[in-house]
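Note sheet for the following structure.
The values are calculated or read from the model by the stated rules, or taken from the named source; none is laboratory data. Quantities reported herein were computed from a predicted structural model and do not represent experimental measurements. Quick reminder, even Gly has a Cβ in these numbers, built from the backbone with ideal geometry, and neighbours come from all protein chains shown. These area figures cover heavy atoms from the full protein model, side chains too; ligands, DNA and RNA do not enter into them. Shrake-Rupley method; radii C 1.70, N 1.55, O 1.52, S 1.80 Å.
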Amino acid sequence: MSGVRVLVGTKKGAFILTSDGKREKWDVSGPHFAGWEMYHLKGSSVDPNRIYASQTSGWFGQIIQRSDDGGKTWFQPGTPPSESTTAPGGSPKGESNKFVYNTSADGGAPLTTHQFYDGSQHPWEFKRVWHLEPSLTDPDTVYAGVEDAALFISKDGGKTWDELSGLRGHGTGPQWQPGAGGMCLHTIVLDPVNKNRIFIAISAAGAFRSDDEGKTWKPINKGLKSQYIPNPEAEVGHCVHRIAQAKQKPNLLYMQKHWDVMRSFDAGDSWTEVSGNLPTDFGFVIDVHAHEPETIYVVPIKSDGEHYPLDGKLRVYRSKSGGNEWQELTKGLPQSNCFVNVLRDSMSVDSLDKCGVYFGTTGGQVYCSADAGDTWAPIVRDLPAVYSVEVQTFV
Amino acid sequence: MVRVELPAHLRALARVKGEVTVEVAGTVSILSVLDALEKKYPMLEGTIRDHGTRARRPFLRFFACSEDWSHDPLDKPLPEEVANGNEPLLVVGAIAGG
């Protein structure tokens, strides 16, 4: 029987929402890791019961958690589930939580400073994992996008992590700077056709692409214009909020930038603005219909100073033409006094025949549309602020 | 046997309730207690002190016998009352945020 599992990260724990393919009745489990900030959870497409989670805290730092049974039980990958974690002499190690920047010469001569808010150079300091992206071919391989911006890889199920330092060391690092949320690598897109190709995005540096499995990188920001930086068309420095890929056409990318919705037909080599008739083109999320590569979704937010929908009306906008012409979708969404935000990792789609679209809000609602956006209903209304939403589809 | 009182989130992470105890060989200092604690509860590595710098995390403090030890050298011997288990070493999370 078909079904979906929605993995929700919030400010105070994780929740797992499950339903059959009708997506009308939902079971809710959680909070998992109660009280901790859960930045992101994502399941492996190779082994859907393998889920990785980023558990973090301003007090206690970064923890990586893993489930091998679809989220029923969790463990730190450095600690085998069969071993008691409290037994002395059990010799499991907390290696899974170590994210150490590679500063060796053979790591691509990585840079050690980036631009700080005041323009001075500032050393790289690990703060947290924003995004976990499991490999499309190996459940034990997973990528982590972290703050301060860098890309890490684990090939042993999250037990140990190594930096893919060619990104941080490729040359533009001193020009990267933190956005309001910190200098985070928040988007990782693994190309489903070209297995050597990885896209990532950083706030506020821009988008980057590797064509050799993450060894070397180049900025892909041609066409972006950002009025808030000294050179609006600079090679790097753009505050890219999210990139989404049309899986059937892997060279077709969409981007929600700080301001502006953008499209690329050539895997990011060039970008064109497709904001069209959007009421505001500031926002965080963007995603693509599972079966229609030209159908995309955004949630416009009033401005960078006012992180809530225009006029207190929560509206998803859908374009069926790859941008420029947008249709507002409001059925089932609050159309008065709504002042929530939708953060960059908080939209996802399922791949059932009738594509489901999901998003979470900082007000704790997770909405689902089981008809590609025509109508919406809340799955839950009162969670802590939602940081991330990922959907797993079972057919 | 040294007694250590952890914040609630770290007790949950270590899957323990109440105080924990650790055996410390040699001088009982914050450094040696943390080493013993992380050996017994490896899931706590990096949560009290940074993985790389080994520095105390900024939102955590250490108290012993009602004194703040957060800014003392980590290898300074702790009071005898802590070393002999009469008093716990307190690892306290700052009250901040919501």
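Quick notes on this structure:
Here's the yes/no breakdown for (1) without any contact (Cβ under 8 Å) to a residue 12 or more places away in the chain; (2) facing chain A (nearest Cβ under 7 Å); (3) crowded, with 18+ Cβ neighbours inside 10 Å:
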residue	(1), (2), (3)
B:G18	yes, no, no
B:L37	no, no, yes
B:M43	no, yes, yes
B:R57	yes, yes, yes
B:H71	yes, no, no
B:L78	no, no, yes
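- Checking each residue in the range B:80-98 for being assigned to a loop (DSSP other than H, G, I, E, B) and away from every other protein chain (no Cβ under 14 Å) picks out B:N84, B:G85, B:N86, B:E87, B:P88.
- Every test in (1) among the aliphatic types (A, V, I, L, M); (2) open to solvent by 10 Å² or more (accessible area, probe 1.4 Å); (3) assigned to a helix (DSSP H, G or I); (4) away from chain A (no Cβ under 11 Å) is passed by B:V24 save one, and that test is (3).
- Only a single criterion out of (1) more than 18 Å from A:L132 (Cβ to Cβ); (2) part of a loop (DSSP other than H, G, I, E, B) is not satisfied by A:F359, namely (2).
- Test: residue in the range A:313-327 that is surrounded by 14 or more Cβ atoms within 10 Å (Cβ to Cβ), in a loop (DSSP other than H, G, I, E, B) and β-branched (V, I, T): no
- Pairs, first open to solvent by 20 Å² or more (accessible area, probe 1.4 Å) in the range A:117-145, second at pLDDT 95 or above and of a type in the set (F, W, Y), C-beta under 8 Å, six or more apart: A:R128/A:Y39; A:W130/A:Y39; A:Y143/A:F152
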